[in-house]
Amino acid sequence: MLHRVALLFLACFFARTAPAQRQELPRVGVLDLTSENVPAAELRLLSDRLRIELFNTGQFLVIERQRMEEILREQGFQQSGCVATECVVEVGQLLGTQKMVAGSVGRVGEVYTISLRIINVETGAIERTAVKDCRCSLEEVLTRSIAEVAAELAGTAAVVTTPLPRGEGVGMVFIESTPPGAQIILNGRPRREVTPATLRQLPAGEHIVRLVKENLIAEERVTVVRDDLVKVSLTLRPGSGSLFIESAVPGAEVSVDGRPQGNTPVLVREIASGTHRVRVTITDYLPWEEQVVVEFDKRAEVSVTLQPCGYLDIRIEPASALVRVNDYRLETGNRRLALATGEYRIAATLADHDSLVQTVRIAQGQVATVRGTLLFLFGRVQVNSTPSGATVSSTPPGISGTTPLWKDRVEPGRYRVQVTMARRAPYEETVEVRRDETATVSANLPWHPEVIRARNARIRAGFRWTSLGIALVSAGVAYKFDRDAKSAYDERNAAYEKYRQAYTSAEVNYWRQVLDDAEKRGDRAASKRNILYGVAGAGFSIGVVLWVW
């Protein structure tokens, strides 16, 4: 009988149309349930039913059994006997899932107990557990309890898969709500319609209608009559339950979804049904934080065990160093941490720096301090020159480039640094490069003596040829003025003879004027001639001296 019921539900499940895949849902693998007193065949059916019910919650993308077995077979992994968290995590890594579900079914007397846990594959932490006890037959475990415990694990309302009483034929239900626009969930399965809406072609008999709009909820059991229309009007009200929180250390501060709720023990009334994040804190104890599912019109109870803690104050320089406390990596090297009491290994590393390793013991309420500076394994060298653009080399090699030069990764040691530039005198200096220190070289590069001599020779040659050129030009111009002076004096002598032979006063005055003008022109030309001859002589003398020098 149990086999037939299970196969019936499996057929119904795979026949229905699969909903559109939502990329945000986590991929989940479900291991076969384990048991010491439930036959293997029934246990396999219960495991398959668990996969179906987890999928029906709409919270997971569940990997099919066949696909799981194919992947594990390819990897040579034996699934049987895998119950430890480490083994479950390993299976999840092989399957490429984000979460894994594992659990067991047991029987004590007439009571069946189902225990499930969902494990984060990346962290190995148990995110949530669910336990369901049923004083019932194995058939009821299959048809009802598995759905309830799957819904509890997912934090959702149980999807109704147990057949409700049905009649013959079909009918219709008109559903309206206050306020309107509520999503309709019929027999645990979401519908596309929102209120007000008419549901057609419903099998006659009992159906569970649930309306949900944000945090508002309403639910009613409706009887569909054959070939008739049943009208349902529901008023939505906040779906809520209560949450009781206690801790082994009383007086701890409690917050739910980030809002303070008082100190333990505390009862939070009228809290919206669904999943809530509960945080419990008290001085010198590690904070406790976990997601808790509050069911509609029920009370969830949480008993918190707080772990004593101390504090670790870490100051590592440079701040970019990678610091690990045991296997936990800190985002920055300077932090104050609250840690459970015990012994911890602190390791600080940074590329091209030495490392720091220290062991500290954390006691409750005490502060352990770790201070350290990671020294740079190399030295730094700065080379400047006047003028810049000089070529830098060293013996032994390790410092090279063009000024201004900055080298921040130089092996410690002594270096002979050479700074050279074309037409400039070279510069050398011995420097000591030490770890995590900067050695500086400042080179003044004067002109090379040969360059200075060549430049002076060019200057002398320029002056020499300039002096000789001036001498030649001056001599040529002086020769012209010499001829002008002789012509003026000849004109003066001729005028003088005319002046002596004149008889009238007019002739005397005329030739006297001509004589004076000719003499003045001759004197001026002679003066210029003498000056230019002097310039020519001086230029020639300077040229000869520069030629000989």
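Quick look at the values:
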quantity: Pairs where the first residue, in the range 470-493, is farther than 11 Å from TYR533 by Cα and the second is in a helix (DSSP H, G or I) and among the acidic types (Asp, Glu), C-beta under 7 Å, 6+ apart; calculated: ARG492/GLU519
quantity: Test for TYR503: is it hydroxyl-bearing (Ser, Thr, Tyr), at pLDDT below 85 and outside any helix (DSSP H, G or I); calculated: yes
quantity: Failed item, numbered, when PHE244 is tested on (1) closer than 24 Å to THR341 by Cβ; (2) surrounded by fewer than 16 Cβ atoms within 10 Å (Cβ to Cβ); (3) hydrophobic (A, V, I, L, M, F, W, C); calculated: (1)
quantity: Residue list for the range 258-276, restricted to those being outside any loop (DSSP other than H, G, I, E, B) and over 26 Å from GLN364 (Cβ atoms); calculated: ARG259, LEU267, VAL268, ARG269, GLU270, ILE271, ALA272, GLY274, THR275, HIS276
quantity: Test: residue in the range 182-203 that is under 42 Å from the mean Cα position of the chain (by Cα) and on the phi > 0 side of the Ramachandran plot; calculated: no
quantity: Output for the range 439-480, where each listed residue is assigned to a strand (DSSP E or B) and touching a Ser or Thr at 6+ places or on another chain (Cβ under 8 Å); calculated: SER442, ALA443, ASN444
quantity: Among (1) more than 38 Å from the chain's Cα centre (by Cα); (2) at pLDDT 85 or above - the single one ALA102 does not satisfy; calculated: (1)
quantity: Scope the range 49-64; condition under 38 Å from the mean Cα position of the chain (by Cα) and on the phi < 0 side of the Ramachandran plot; matching residues; calculated: ARG51, LEU54, PHE55, ASN56, THR57, GLN59, PHE60, LEU61, VAL62, ILE63, GLU64
quantity: Test result for ILE399, surrounded by 13 or more Cβ atoms within 10 Å (Cβ to Cβ) and assigned to a loop (DSSP other than H, G, I, E, B); calculated: yes
quantity: Residue under evaluation ALA422, criteria (1) in a loop (DSSP other than H, G, I, E, B); (2) touching a residue at least 60 places away in the same chain (Cβ under 8 Å), criterion not met; calculated: (2)
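The values are calculated or read from the model by the stated rules, or taken from the named source; none is laboratory data. All figures in this text were calculated on a predicted structure; none of them were measured in a lab. Methodologically, a virtual Cβ is constructed for each residue, glycine included, from the backbone with ideal geometry; neighbour enumeration extends over all protein chains shown.
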